[in-house]
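Everything below concerns the one structure shown next.
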Amino acid sequence: MLKIEHIGIAVRNLETANKLFSILLNTEVYKEETVESEGVMTSFLKTGETKIELLQATGEQSPVSKFIEKKGEGIHHIAFEVENIKDAMKRLKESGFILLSEEPRVGADNKLVCFLHPKSTNGVLVEICQERK
Ligand code: ZN
């Protein structure tokens, strides 16, 4: 793994959260993007090298909506950047982690992504991501 690429935070209202996190981090949202296939509207802020991804569900069937129902708003996932996502997925699968998809998926921010089931990672939803070339 190269570094923590971003931390994902589940919010009920993206617009309100954008304002709050802009003030908190003293910076502007630099990107907003809806990922229909994942059922999320996202926005990104950067503080130093670290990105924060805010996530609002697009509908009731969205995993983010289910997450908020169960746990409330808050830290949703930690994303680690990898050089080669297919290699990383293979290694993690062989090490016994449960992958939530067999193939990398197209995520927000020009990334290929794969999530690991929290029951195999001490309750933390882990995303691995690779920049799309
Ligand atoms: Zn993410």
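The values are calculated or read from the model by the stated rules, or taken from the named source; none is laboratory data. Predicted, not measured: the structure shown is a model, and the values here were computed from it. Neighbour counts are summed over all protein chains in view; Cβ atoms, including those assigned to glycine, are modelled from backbone coordinates with ideal geometry. Surface areas here come from the heavy atoms of the whole protein model, side chains and all, with no ligands, DNA or RNA. Shrake-Rupley method; radii C 1.70, N 1.55, O 1.52, S 1.80 Å.
Helical content of the chain, expressed as a calculated mean residue ellipticity at 222 nm, amounts to -7000 deg cm²/dmol (DSSP H runs of 4 or more residues, -39,500 (n - 2.57) each, divided by residue number, nearest 500).
Computed over the Cα atoms of region 70-133, pair by distinct pair, the Kirkwood hydrodynamic radius stands at 12.1 angstrom.
Normalised radius of gyration (Cα atoms, divided by 2.2 N^0.38 Å) for region 9-48: 1.16.
For region 6-100, with all protein chains in place and a probe radius of 1.4 Å, 51% of the accessible heavy-atom surface sits on carbon or sulfur. Candidate membrane-span-like segments in the chain, meaning DSSP H helices with Cα atoms spread over at least 24 Å of their own axis and a Kyte-Doolittle mean of 1.6 or above, do not occur, with no membrane implied either way.
Nearest 5 percent is fine: what portion of the DSSP beta bridges confined to the chain is antiparallel? Numbers along the way, then the final one.
Details: 30 of 39 bridges.
In the chain, DSSP labels about 75 percent of beta bridges as antiparallel.
The mean of 1/r over all pairs of different alpha-carbon atoms in region 40-86, once inverted, gives a Kirkwood hydrodynamic radius of 12.3 Å. Each Lys and Arg adds +1 at its Cβ and each Asp and Glu adds -1 at its Cβ; summed about the Cα centre, region 1-121 shows a dipole of about 380 debye. Within the chain, the ratio Rg/Rh, alpha carbon atoms throughout and Rh by Kirkwood, equals 0.95. Looking at G107, G39, F97, which one has the Cα that reaches farthest to the positive end of the dipole of the chain (charges on Cβ: Lys, Arg +1; Asp, Glu -1)? Farthest towards the positive end: F97.
For the chain, the per residue solvent-accessible surface stands at 59 Å², with DNA, RNA and ligands left out and a 1.4 Å probe.
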